[in-house]
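Colleague: Dropping a structure here in structure tokens format, bear with me for questions.
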Amino acid sequence: MASTVPVLVAIADPQQAEYVAEALREQGNQVIIAKNLIEVDTAMAEVRAAVVDTDFSGGAVADWLSLWPVPAVLVADPDCDPSKLAKLCADESSAFILRDAHGRWIDFIPQLARKAIAVRESIDRQNSTIIRAESSYMNLLRVMPDIVYVLDGDGYFAYLNDTISELGWKPSELLGKHFAEIVHPDDLPEVGRSLVLNRFQGVSTGPSQAPKLFDERRSGERMTRGLVVRLRHKNLDEWAHTKVDAWGEVASLGVNLPEFQGKGLGTVGIIRDISERRMAEKKLKSELEAKNVLIKEIHHRVKNNLQVVSSILSLESSCVSDEDARTVFTDCQTQVHSMSLVHEQIYRGSSLEEVDAAAYLTRLAEYLDSVHEGSFKGIELKVRAEASNLALDKAIPLSIVVTELVSNAYKYAYPDGRTGTIRISLEREGAYYELLVEDDGLGHEAGAKGGAKAREGLGLELVAALAQQLGGSLKRTSGEGTRVSLRFPCAASA
């Protein structure tokens, strides 16, 4: 102990007080001897430690030691009540010594005073470190852009950082209030522990199906993540007549804090304002819906334009007297209309990039049957297609291929009033589709003659070119009927 360390001596017996003061001076201490309570109170502002008699001023000084900011060495008589000593020495930096008949206790006073001062300095350093750390953490929490909160075991706020002011609240206004104060009333039945858990009694949910709660007390995989709630602004009291001005994404977990003992686990959580993100998502969704409407409208107009072209071809064909030329007009009209059906299917469907293969082929078969008067001629057209979606760049070429092959079957496979069945099927096998168009007629070689045969040859060239465009392989067999198969990949070729 340095010589500049001042020590207060407050002992009822003046002679013992002098002996103690002398022992302290021999160890290099400055000593202040107090004769009454007033002098003790005055000296406490100057000293670093005190040697106090439990009987000084009727025991008042010893009783008030906890009110003074210095460690003390208590001097007590051997018959002093141990429980009283324990109470007086509650400060861990304080110590006590019992008088003995030979006065040996005085020799130990300087060492006890030195130890009391050292312990107090150690405690002060630790407290200073803790205070600095807590100050740093508190400053960090204050500047965080997210709301940080602590709830006690009953869901009442025990702490809120200053970010809550963005909702119009001061932290002090919410301390001791339930978290329901800042949550939209309509969201409470889905996020409050006391309201939600009754519905899950006896139900095993696991981490993935566990309810997301605002006052979550679990940790690990079952802690709350991604809980989105509407936040209540302080100045928006009438929910029915006001907009929700903030959305919060909550992450929280249970914590066992000493101040919550007896109230179960508390909750520590963070609320991130995602209002701008929600607005951006809403705007993006609105723009996407508008874009989808526009694209559907484009498909609708393309379909209408193709139907106009088909109608023009129909009108022009009525002005042509040559039968072969009229057939060419009809074939072109049919192909154009088959393409318009693809755009109609997209316009009416839920996808803007794919066509329901089964629905489209059924619709196309109905159209081809009406164009070639198949039902009237006793020729049945059957479609078998499994539920699958065709990309637009596959559907258009495929529609032309099917139209060409079915039209050829109607025109060439059933001459002289013959009847039969034409079949269309589309199946998926792994990464490939297989289209099959077959009839049970005479076969194209037998049915096609002259210019008709030349026209059929041109149609098959078109089919072969489209098969190549699809990246597929074409196979045709003819005998008792004709069978044409086209195998092509589901995905677009690189």
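Colleague: Exactly one condition in (1) surrounded by 21 or more Cβ atoms within 10 Å (Cβ to Cβ); (2) touching a residue at least 60 places away in the same chain (Cβ under 8 Å) is not met by Asp356; state its number.
Modeller: Only one criterion in (1) surrounded by 21 or more Cβ atoms within 10 Å (Cβ to Cβ); (2) touching a residue at least 60 places away in the same chain (Cβ under 8 Å) is unmet by Asp356, namely (2).
Colleague: With a cut-off of at least 1 residues that are under 55 Å from the mean Cα position of the chain (by Cα), name the helices (runs of 4 or more DSSP H) lying wholly within the stretch 314-426.
Modeller: Helices (runs of 4 or more DSSP H) meeting the threshold: 323-348, 357-371, 392-412.
Colleague: If you go through the stretch 126-135 one residue at a time, do you hit one that is modelled with pLDDT of 85 or more, assigned to a helix (DSSP H, G or I) and loosely packed, with under 13 Cβ neighbours inside 10 Å?
Modeller: Among the residues of the stretch 126-135, at least one is modelled with pLDDT of 85 or more, assigned to a helix (DSSP H, G or I) and loosely packed, with under 13 Cβ neighbours inside 10 Å, which makes the answer yes.
Colleague: Can you tell me which residue among Arg104, Arg132 is in the same structural domain as Ala21 (by TED's automatic domain parsing), at negative phi and under 55 Å from the mean Cα position of the chain (by Cα)?
Modeller: Answer to the check: Arg132.
Colleague: Could you grab me the full set of residues in the stretch 157-170 that are aromatic (Phe, Trp, Tyr), within 15 Å of Thr267 (Cα to Cα) and surrounded by 19 or more Cβ atoms within 10 Å (Cβ to Cβ)?
Modeller: Phe157
Colleague: Go over the candidates Glu121, Glu181, Glu173 one by one and state the one that is under 28 Å from Leu195 (Cβ atoms), assigned to a helix (DSSP H, G or I) and more than 27 Å from the chain's Cα centre (by Cα).
Modeller: Of the residues listed, the single one that is under 28 Å from Leu195 (Cβ atoms), assigned to a helix (DSSP H, G or I) and more than 27 Å from the chain's Cα centre (by Cα) is Glu173.
Colleague: Sticking with this structure for a sec: Kindly indicate whether any position in the stretch 436-444 is surrounded by 17 or more Cβ atoms within 10 Å (Cβ to Cβ), assigned by TED's automatic domain parsing to the domain that holds Thr330, over 21 Å from Leu364 (Cβ atoms) and at pLDDT below 85.
Modeller: yes
Let's see how each residue does on (1) assigned to a loop (DSSP other than H, G, I, E, B); (2) touching a strand residue (DSSP E or B) at 6+ places or on another chain (Cβ under 6 Å); (3) closer than 19 Å to Leu160 by Cβ; (4) at pLDDT 85 or above:
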| site | (1), (2), (3), (4) |
| --- | --- |
| Val229 | no, yes, yes, yes |
| Lys234 | yes, no, yes, no |
| Val244 | yes, yes, no, no |
| Ala251 | no, yes, yes, yes |
| Lys263 | yes, no, yes, no |
| Ile271 | no, yes, yes, yes |
| Arg278 | no, yes, no, no |
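The values are calculated or read from the model by the stated rules, or taken from the named source; none is laboratory data. Bear in mind that the values here come from a model prediction, so they are computed numbers and not experimental data. Glycine also receives a Cβ, built like all others from the backbone with ideal geometry; neighbour counts cover every protein chain displayed.
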